[in-house]
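As structure tokens, the structure follows; a few thoughts come after it.
The values are calculated or read from the model by the stated rules, or taken from the named source; none is laboratory data. Please read all numbers here as calculations on a predicted model, not as lab measurements. Cβ atoms come from the backbone with ideal geometry, glycine included; neighbour counts cover every protein chain shown. The accessibility values were calculated without ligands, DNA or RNA, using every heavy atom of the protein model including side chains. Shrake-Rupley method; radii C 1.70, N 1.55, O 1.52, S 1.80 Å.
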Amino acid sequence: QLVESGGGLVQAGGSLTLSCASSGRTINNRAMGWFRQAPGKEREIVAAINWSGESRYYSDSLKGRFAISRDNAKNTVSLRMNNLKAEDTAVYFCAARSVPYTTFLTQASAYDLWGQGTQVTVSS
């Protein structure tokens, strides 16, 4: 029900913006998160945002380079990624918690709606 877009191939130091939209139920007023999974590694939290967009969480290693935002009018959540590095290469997933009006969530198990993922490849 969630559809990610914006992935692709980019050179190190470049930028990408990922978007997440719902093909079904609204994601407005729902906590949202971005996760990523590199080959051979576990899925990890990248960033999360609460239902209103007023509170955000970032993985410590990504602070200052990535920014999560939401546009409730457009029913979308975005992830702006700057100064990309080879180690950012992964499949990126967006996730939503269907119960509304919750704070940001950092555990994958807290989310019950997931997208199929979009590949981000950073060449060095």
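Each label point was placed 7 Å from the Cα along the Cα-to-Cβ direction; for Ser109 and Ser61 their separation is 2.2 nm. Pairs of C-alpha atoms in region 42-115 farther apart than 20 Å represent 27 percent of all such pairs. Working note: Karplus 6.51/-1.76/1.60 with θ = phi - 60° gives region 89-96 the couplings 4, 4, 8, 9, 10, 9, 9, 9 Hz, where Gly and Pro are set to x.
Above 18 Å lies some portion of the pair distances; for the chain, what is it as a whole percent of all C-alpha pairs?
45 percent
Apolar share of the accessible surface for region 1-87: 44 percent from carbon plus sulfur atoms, 1.4 Å probe.
Cross-link reach is defined here as a Cα-Cα straight distance under 14 Å, omitting same-chain residues fewer than 8 places apart; for Lys63 the aspartates and glutamates meeting it are Asp88.
Between Ala12 and Ser69, the contour length at 0.36 nm per residue exceeds the Cα-Cα span by 18.2 nm. The mean accessible area for residues of region 74-116, using a 1.4 Å probe and ignoring ligands and nucleic acids, is 49 Å² per residue.
Which of the listed residues, Trp51, Phe35, Leu105, is farthest toward the dipole's positive end in the chain, when Lys, Arg count +1 and Asp, Glu count -1 at the beta-carbon? Sorting the options by dipole projection puts first Trp51.
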